[in-house]
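Some notes on the structure that comes next.
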Amino acid sequence: MSRSDGIVRIHGKSYSTVARRVALFRKRFPAESGWSITTVCEKFDDDAVTMRCNITNPDGKVIATGWARDGRTDSNRHKTSWVEIAETSAVGRALAFLDEEFMGDDLQIASADEVRNAIEGEAQPAAGGGQPKEAVFEDYMKKIMEATKADELRDLGTGIDKLPLTPTAKQALHAKCGPRYQELKKLEQDVPF
C-alpha cells in the first residue's frame, strides 16, 4: 500500500482497501448495533466460485449486496486462495454500494484488493500458453475503440466472454463496448442515405 490509511493509488486513482471499508463500517456500526456483514457461497466448483455479501440493518433488511466471481487460475495467488479472494471482493463491493464513504477518495466501487488482483491476473499467460492476458486485453480494447460499424462491435461484444481473461477484465471490455456500440448505432441511424 502506498498509504497507511488503507487508500492505495493505482494508475492515478485512489482505491480503498477492503480492510479499510470493514474498519469504517464497524466504526460507524459496531457489532452490538445489529448491523451485519454476511457472505454466502452461491456457486462453487473445482475451477471457480461465486460469492455474495449482504449488508443487513438491525431490522434484518438487506441494505446492500455485493457479488464476486473468481477462478482458481485467475492469478498465481488465486491457485490457493480463490475462495477467500472472491469473498473479500464481494464484501468490498457491498460496502461500496452501502455508502460512498467506504469507496475511497475517487469514489471507486472496486477495492484496491480487487484492482490489484485484476492487474496481477492480467500479467499471467493466457490458458494454453498464449500471449499474456494483459496483451489479449489491450488488443481487444484496441479493436473495440477502432471499430467503425455497430455490427462489428456487436460481434466483438459477443466474443468478450470467450476470452481467456479474468471476470474483472471482461467486465471492463463490456463497459467500453456497450456504450461504443450505442454511439455507432446512433451515428448509423443519423446518416440520411
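Scan the range 72-87 and tell me whether some residue there is modelled with pLDDT of 80 or more, in a strand (DSSP E or B), among the charged types (D, E, K, R) and not assigned by TED's automatic domain parsing to the domain that holds LEU163. Among the residues of the range 72-87, not one is modelled with pLDDT of 80 or more, in a strand (DSSP E or B), among the charged types (D, E, K, R) and not assigned by TED's automatic domain parsing to the domain that holds LEU163, which makes the answer no. In the set (1) at pLDDT 85 or above; (2) surrounded by 11 or more Cβ atoms within 10 Å (Cβ to Cβ); (3) not polar (S, T, N, Q), the condition left unmet by LEU165 is number (1).
Within the range 25-51, take every residue that is among the aliphatic types (A, V, I, L, M) and crowded, with 17+ Cβ neighbours inside 10 Å and give me the one that is modelled with the highest pLDDT. Only one residue tops the list, namely ILE37.
Pairs linking a residue in the range 44-71 that is basic (Lys, Arg) to a residue that is not in a strand (DSSP E or B), with Cβ atoms under 8 Å and 6 or more positions apart or on different chains, are ARG52/ALA90; ARG69/ALA86; ARG69/PRO167.
Annotation: ASN54 fulfils all but one of (1) at pLDDT 95 or above; (2) surrounded by fewer than 16 Cβ atoms within 10 Å (Cβ to Cβ); the unmet one is (2).
Scan the range 15-31 and give yes if some residue there is assigned to a loop (DSSP other than H, G, I, E, B), over 17 Å from the mean Cα position of the chain (by Cα), charged (D, E, K, R) and over 15 Å from THR168 (Cβ atoms), otherwise no. No: the range 15-31 contains no residue that is assigned to a loop (DSSP other than H, G, I, E, B), over 17 Å from the mean Cα position of the chain (by Cα), charged (D, E, K, R) and over 15 Å from THR168 (Cβ atoms).
The values are calculated or read from the model by the stated rules, or taken from the named source; none is laboratory data. Since the model is a prediction, treat every value here as computed from it, not as a measurement. With ideal geometry, Cβ positions are generated from the backbone for all residues, glycine too; neighbour counts draw on all protein chains shown.
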